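Below is one structure, written out as structure tokens, with a few remarks after it.
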Amino acid sequence: MADVAERVEAEFENIVRVLSELPSEMSCDSLSPLERAGLGALLHSFYNGIENVLKQVLVSRGAKLPDGPSWHRDLINVAGDSGVLSKNLAEDLRRYLAFRHFFGHGYAVGLLIDRMEPLARDANRVFSRFQSEIRNCLKT
């Protein structure tokens, strides 16, 4: 388990670096289209880090990783069903997954600040809960 814990902690460090780039005071209304795209990229990176951690933890527990077109959504379900994530945290992460999907398949000029601002504002809180649940999971 130590090897998995080390890889997870390395992912946590990367996520912390991403989160440190988020605007501290969310006055997102004044962001230019380029800045909105940058904020979207940070939120996308944040969620990719979450997925990287989930995949490592699930593999370490012998779970089969989902595949196919809905694997991103199924990954959260598998993590919730196997006790890696609480139901409440899984619901919070689904908000980031939905944004990740839109960001990856839409146009950066179509990013709506009223949808990104709550995600950016809540990201540190969600990540703190995620870290705590993952660390507790790795202890067992």
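The table for this structure:
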quantity: Output for segment 89-101, where each listed residue is farther than 14 Å from residue 137 by Cα and in contact (Cβ under 8 Å) with a residue 12 or more places away in the chain; calculated: 90, 92, 93, 94, 95, 96, 97, 99, 100, 101
quantity: Residue tally, condition surrounded by 13 or more Cβ atoms within 10 Å (Cβ to Cβ) and either within 15 Å of the chain's Cα centre (by Cα) or part of a helix (DSSP H, G or I) (or both), over segment 95-117; calculated: 14
quantity: Out of 18, 4, 78, sole residue that is aliphatic (A, V, I, L, M) and at pLDDT below 95; calculated: 4
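Residue by residue, here is whether (1) assigned to a helix (DSSP H, G or I); (2) of a type in the set (A, V, I, L, M, F, W, C); (3) out of contact with any strand residue (DSSP E or B) (no Cβ under 6 Å at 6 or more places or on another chain); (4) free of Cβ contacts under 8 Å to residues at least 24 places away in the same chain holds:
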| residue | (1), (2), (3), (4) |
| --- | --- |
| 43 | yes, yes, yes, no |
| 47 | yes, no, yes, no |
| 50 | yes, yes, yes, no |
| 54 | yes, yes, yes, no |
| 65 | no, yes, yes, yes |
| 76 | yes, yes, yes, yes |
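The values are calculated or read from the model by the stated rules, or taken from the named source; none is laboratory data. Remember, predicted model here, so these are calculated numbers, not experimental data. Ideal geometry is used to build each Cβ from the backbone, glycine not excepted, and the neighbour counts take in all protein chains shown.
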